[in-house]
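The block underneath contains the structure these notes are about, expressed in structure tokens.
The values are calculated or read from the model by the stated rules, or taken from the named source; none is laboratory data. Remember, predicted model here, so these are calculated numbers, not experimental data. In this analysis, Cβ positions are derived from the backbone assuming ideal geometry, glycine residues included, and neighbour counts consider all displayed protein chains. Ligands, DNA and RNA are excluded from the accessible area calculation, which covers all protein heavy atoms including side chains. Shrake-Rupley method; radii C 1.70, N 1.55, O 1.52, S 1.80 Å.
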Amino acid sequence: LKAFEREAQLLSNLQHLALPHVIDYFSEEHGQFLVMQYIAGEDLGGMLKRERRPAPLETVLVWADQLLDVLAYLHANDPPIVHRDIKPENILLTDAHAVITDFGVAKALSNATIDGSSGLTSMGIAIGTPAYMSPEQASGDPSTDHRTDIYAFGLIAYELLTGHPPFAARSAQAMIAAHMTESPEPVTSRRPALPPALAALVMRCL
């Protein structure tokens, strides 16, 4: 119940083209209900699995601009909101805009405490999706901040540009270890013709 109320309250206070609009939320004896704007479109994860090839550069630039804009909006919130589970499956692709969904593990930074008495995390507990977790998030660092979303964005941009995430074909444990101990192969080694500024941006995020 607390997790549901947290997500509903977070979403209801946010207004952005790339975020779903919350119409209402309530709890009853048989469950909790969230009434949201209907968003028609495929999630980015489904598209990547279906296409299995690099996306057109122009498409990547449009989606990247939209995702970075909404992340900047979330991180500039008072208190800042860190999504903590930015991944292709949580990005819906509509005709007009890419939309970020699923704030179930989002964290308002002012609510985090070192002992976990409030907020979502405590020392040594990792929450998120292994393929798109930053090193600090994978280690369960309770001071994880907005940079974890930027890292996840870099991973998604890398996958869109090359057709594969940097640490693909590994177990969840091996993937987490790779994020913590390895540097991703330069994106230009997999797609040499990328504009240098774009390649540098993606690698900077990582």
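Show me the helices of the chain, taken as full DSSP H stretches, that run 24 Å or more along their long axis by Cα and average 0.5 or above in Kyte-Doolittle hydropathy. Both cut-offs are met by 57-75.
In this label model, Asp95 and Glu182 are separated by 4.2 nm, measuring between points 7 Å along each Cα→Cβ vector. Averaging 1/r across all pairs of distinct Cα atoms in the range 15-85 and inverting the result yields a Kirkwood radius of 15.1 Å. Seen from every direction in turn and averaged, the convex hull around the alpha carbons of the range 157-206 projects onto 3.4 nm².
Rounded to the nearest 20 debye, the dipole size of the chain about its Cα centre is 720 debye, using +1 on the Cβ of Lys and Arg and -1 on the Cβ of Asp and Glu. Across all Cα atoms of the chain, the radius of gyration (one decimal) and Dmax (whole number) stand at 17.2, 57 Å. Within the same chain, lysines fewer than 8 places from Lys49 are excluded, and of the rest, those with a Cα less than 20 Å from its Cα are Lys87. With a bin width of 5 angstrom, please list the P(r) values of the range 138-180 as percents of all Cα-Cα pairs, from the 0 bin to the one holding the largest distance. Percent of Cα pairs in each bin: 5, 21, 22, 28, 17, 6, 1. In the chain, helices alone account for a calculated mean residue ellipticity at 222 nm of -12000 deg cm²/dmol, with every DSSP H run of four or more residues adding -39,500 (n - 2.57). Stretching the chain fully between Ile39 and Ala172 yields a gain of 44.8 nm (0.36 nm per residue, less the alpha carbon separation). Across the range 92-97, computed HN-Hα scalar couplings (Karplus, 6.51 cos²θ - 1.76 cosθ + 1.60, θ = phi - 60°) run 9, 9, 9, 5, 9, 6 Hz from first to last residue, x flagging Gly and Pro. When the solvent-accessible area of the chain is split by element, carbon and sulfur atoms take up 55 percent of it, the probe being 1.4 Å. For the range 15-105, the list of chymotrypsin sites (Phe, Trp or Tyr not before Pro) that fall in a loop by DSSP and count at most 12 other C-beta atoms within 10 angstrom reads Tyr38. Between Glu58 and Phe26, the simple label model (points 7 Å from Cα in the Cβ direction) yields a spacing of 4.8 nm.
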